[in-house]
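Q: Can you keep this structure in mind? I'll have questions shortly.
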Amino acid sequence: MAETLRRVLNLGSAAGPGKNTAEAEPPLLLLGGPGSGKTALLFAAALEAAGEGRGPVLFLTRRPLQSLPRRTGPALEPLRLQKIRFQYPPSTRELLRLLCSAHEARGPAPSLLLLDGLEEYLVEDPGSQEAAYLAALLLDTAVHFSHRAGPGRGCGLIVALQTQEEGGDSGNALQLALLQRYFPAQCWLQPDASGPGQCCLRASLEPGGLGPREEWGVTFQPDGEMTITPWPTQAGDTSSHKGSRSGGQP
């Protein structure tokens, strides 16, 4: 679902011609430290998908959002908000039960499946087997929704995962490496120099072989409003987020 996130980071405009359908796009893993804006970007992606005129958006998270992340433009219009369906499975068992019963749900199939805070579900059983099973079930659920939606109207999948500090638990690093096999497209959020009351980040998007890596600067103002600007590229700049895969926290 790199295209949906790319449109969010490009303030609603597509990056170029030949936009991919959700059915053709690989699932995306959104990575960053605590407080790095993962939930805000997920919600912005939900609003973007809700405005595409396709099916509803299914947003899974362990606890209700305390407030709606702010952003500029007409994205918070009521019709878009009504298309976002929030569900709050409180445990790994309940999340698995929800995903396994997706084929029984009635109504139009979701056009986008979002999961915020994957690490909160994995902490109950941190083994690699549980991570692989949950990732496979998320992919299977998105495929099922795609089949229900019909040709050319597939269901995308974006999952947010909190990264660990440098030198953290090696088990978490193995878990992340395993998840990356299931999610070929990734977006890394890394801290940047912040002003007073601001949180500034560098968003690096790798669309899983469907295009080059792109980067943006994301700033959260003291009132929670999110502003986005293209990241300036410099000749000879070969820096990559991959050198900070265990870090990236503000």
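Q: Within the range 209-240, how many residues turn out to be surrounded by fewer than 14 Cβ atoms within 10 Å (Cβ to Cβ) and either at pLDDT below 85 or of a type in the set (Gly, Ala, Ser) (or both)?
A: Summing the residues that are surrounded by fewer than 14 Cβ atoms within 10 Å (Cβ to Cβ) and either at pLDDT below 85 or of a type in the set (Gly, Ala, Ser) (or both) in the range 209-240 gives 15.
Q: Hey, another quick one. Restricting the first residue to the range 22-51 and requiring it to be farther than 18 Å from Lys83 by Cβ, which pairs with a second residue that is open to solvent by 10 Å² or more (accessible area, probe 1.4 Å) and of a type in the set (Phe, Trp, Tyr) meet a Cβ separation below 8 Å and a spacing of at least six or different chains?
A: From the range 22-51, the pairs are Pro27/Tyr182; Gly37/Phe220; Ala40/Phe220.
Q: Hey, among the residues in the range 32-69 that are assigned to a loop (DSSP other than H, G, I, E, B) and within 17 Å of Leu157 (Cβ to Cβ), which one's modelled with the highest pLDDT?
A: Result: Pro56.
Q: Then there's this: Only one of (1) of a type in the set (Ser, Thr, Tyr); (2) without any contact (Cβ under 8 Å) to a residue 60 or more places away in the chain; (3) open to solvent by less than 10 Å² (accessible area, probe 1.4 Å) fails for Tyr133. Which number is that?
A: Result: Tyr133 passes all but (3).
Q: Checking the structure you have, find out if any residue of the range 193-202 is in contact with a helix residue (DSSP H, G or I) (Cβ under 7 Å, 6 or more places away or on another chain) and either assigned to a loop (DSSP other than H, G, I, E, B) or open to solvent by 20 Å² or more (accessible area, probe 1.4 Å) (or both).
A: Within the range 193-202, not a single residue is in contact with a helix residue (DSSP H, G or I) (Cβ under 7 Å, 6 or more places away or on another chain) and either assigned to a loop (DSSP other than H, G, I, E, B) or open to solvent by 20 Å² or more (accessible area, probe 1.4 Å) (or both).
Q: Which numbered condition trips up Leu137, out of (1) within 26 Å of Leu201 (Cα to Cα); (2) in a helix (DSSP H, G or I)?
A: Result: Leu137 passes all but (1).
The values are calculated or read from the model by the stated rules, or taken from the named source; none is laboratory data. Please read all numbers here as calculations on a predicted model, not as lab measurements. Note that we place each Cβ from the backbone using ideal geometry, even for glycine, and neighbour counts take in every protein chain shown. Remember, those area values only see protein heavy atoms, side chains included, never the ligands or the DNA or RNA. Shrake-Rupley method; radii C 1.70, N 1.55, O 1.52, S 1.80 Å.
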